[in-house]
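These notes concern the structure reproduced below.
The values are calculated or read from the model by the stated rules, or taken from the named source; none is laboratory data. What you see is a predicted model; the values in this text were computed from it and never measured. All Cβ positions, even for glycine, are placed from backbone atoms using ideal geometry, and neighbour counts span all protein chains on display.
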Amino acid sequence: MAKKKSRLDFIRMKKEGEQVAWVTAYDFPTASFAEQAGMDMLLVGDSLGMVVLGYHGTIPVTMDDCIRHCQAVRRGAPNTFCIGDMPFMSYQISDEDAVYNAGRFLKEADMDAVKLEGGRRVLTRIKAIADAGILVMGHIGLTPQSSGVLGGFKAQGRDPESARDLIEDAIAIQDAGAWALLLEAVPPELSQFLTKKLEIPVYSIGAGGPCDGQLLICGDMLGLFQAFTPKFVKKYANVAEIEINAFKEYVNDVKTGKFPTDDHCYHILADRAEEYKRMLEEYM
């Protein structure tokens, strides 16, 4: 089993040009499979609200939701660097709230780091968490928790003005003590610039190839989440179709008596058969 990577490994990978491959995970089996596949990192994203819990967005997700799913992921991937995603209102109120909730991810779920959304408006939160000795990753571009302010789930930084804002955000996030930065749905030209500009690792989710690594939502890449598929997703499987067909076959087998067969049953002990038969007759 490979040794769990640390922050120093990710810095080394950036310097050496080695790409980091990571995905989201929300449960024990997915985390276990990802670790067996050699995934560098796992993110227990607040996207679990849509992918697992069936919400229309991430806003309803609570700290307890995130902690519970993080615990399952850690059990499934004990040797993989795991990041807990701080949900809406777990850090917006105050620096103290932010540090307390970030600490819960480490104390209760054994996460290695946390991630939060926002640029300069959350700098004091990032600094407070980092000063508490907790690794914190920044996240700018398309930030789902604030999609209403952004006008919906839209790509960001596509014009000079908004790109300038993101550059200022990225530099400030690094200066505040973040150990890494996630860019979501921004042009690859901007991603390439920031990857070269910043000393910390810069990762992409829908931000093109010229970054230090790539993140995808597991439900998207596996074909599990059917509500919509973002443009930047490459589907590596269609698990939803496999599951639906399996369920259909099971329903048909039950309705037609094809399942269960004798092979699926537990039989009485052969040397107690007569005694068993007499016992049943007593109740007739």
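Data table
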| item | result |
| --- | --- |
| Enumeration of residues in region 239-268 that are acidic (Asp, Glu) and exposed (fewer than 10 other Cβ atoms within 10 Å of the Cβ) | ASP262, ASP263 |
| Residue within region 129-140 that is surrounded by fewer than 22 Cβ atoms within 10 Å (Cβ to Cβ), closer than 20 Å to GLY206 by Cβ and either more than 17 Å from the chain's Cα centre (by Cα) or of a type outside the set (A, V, I, L, M, F, W, C) (or both) present | no |
| Some residue of region 213-221 being farther than 21 Å from GLU117 by Cβ, out of contact with any strand residue (DSSP E or B) (no Cβ under 8 Å at 6 or more places or on another chain) and hydrophobic (A, V, I, L, M, F, W, C) | no |
| Search result, residues across region 1-58 that are free of Cβ contacts under 8 Å to residues at least 24 places away in the same chain and polar (S, T, N, Q) | GLN36 |
| Residue match in region 181-191 (condition: in contact with a Leu (Cβ under 7 Å, 6 or more places away or on another chain), more than 24 Å from VAL99 (Cβ to Cβ), in a helix (DSSP H, G or I) and not small (Gly, Ala, Ser)) | yes |
| Candidates GLY118, GLY76, GLY45, GLY84, filtered to the one that is surrounded by fewer than 20 Cβ atoms within 10 Å (Cβ to Cβ) and either under 21 Å from GLY213 (Cβ atoms) or of a type in the set (Gly, Ala, Ser) (or both) | GLY118 |
| Residue check for LYS234: at negative phi, in a loop (DSSP other than H, G, I, E, B) and free of Cβ contacts under 8 Å to residues at least 40 places away in the same chain | yes |
| Condition met for GLY38 (within 21 Å of LEU183 (Cβ to Cβ) and in a loop (DSSP other than H, G, I, E, B)) | no |
| Residue check, PHE232 assigned by TED's automatic domain parsing to the domain that holds MET41, under 18 Å from HIS139 (Cβ atoms) and of a type in the set (Phe, Trp, Tyr) | yes |
| Test: residue in region 218-229 that is crowded, with 18+ Cβ neighbours inside 10 Å, touching a Leu at 6+ places or on another chain (Cβ under 7 Å) and at pLDDT 95 or above | no |
| Every pair of residues 6+ apart whose Cβ atoms lie under 8 Å, when the first sits in region 256-284 and is among the hydroxyl-bearing types (Ser, Thr, Tyr) while the second is in a loop (DSSP other than H, G, I, E, B) and loosely packed, with under 10 Cβ neighbours inside 10 Å | TYR276/LEU269 |
| Number of the exception - ILE129 against (1) in a helix (DSSP H, G or I); (2) among the aliphatic types (A, V, I, L, M); (3) within 19 Å of LYS4 (Cβ to Cβ) | (3) |
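Residue-by-condition table, conditions (1) over 22 Å from ILE67 (Cα atoms); (2) modelled with pLDDT of 95 or more; (3) in a loop (DSSP other than H, G, I, E, B):
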{"site": "ILE93", "(1), (2), (3)": "no, yes, yes"}
{"site": "TYR100", "(1), (2), (3)": "no, yes, no"}
{"site": "ILE140", "(1), (2), (3)": "yes, yes, no"}
{"site": "SER147", "(1), (2), (3)": "yes, no, no"}
{"site": "ALA163", "(1), (2), (3)": "yes, yes, no"}
{"site": "GLU168", "(1), (2), (3)": "yes, yes, no"}
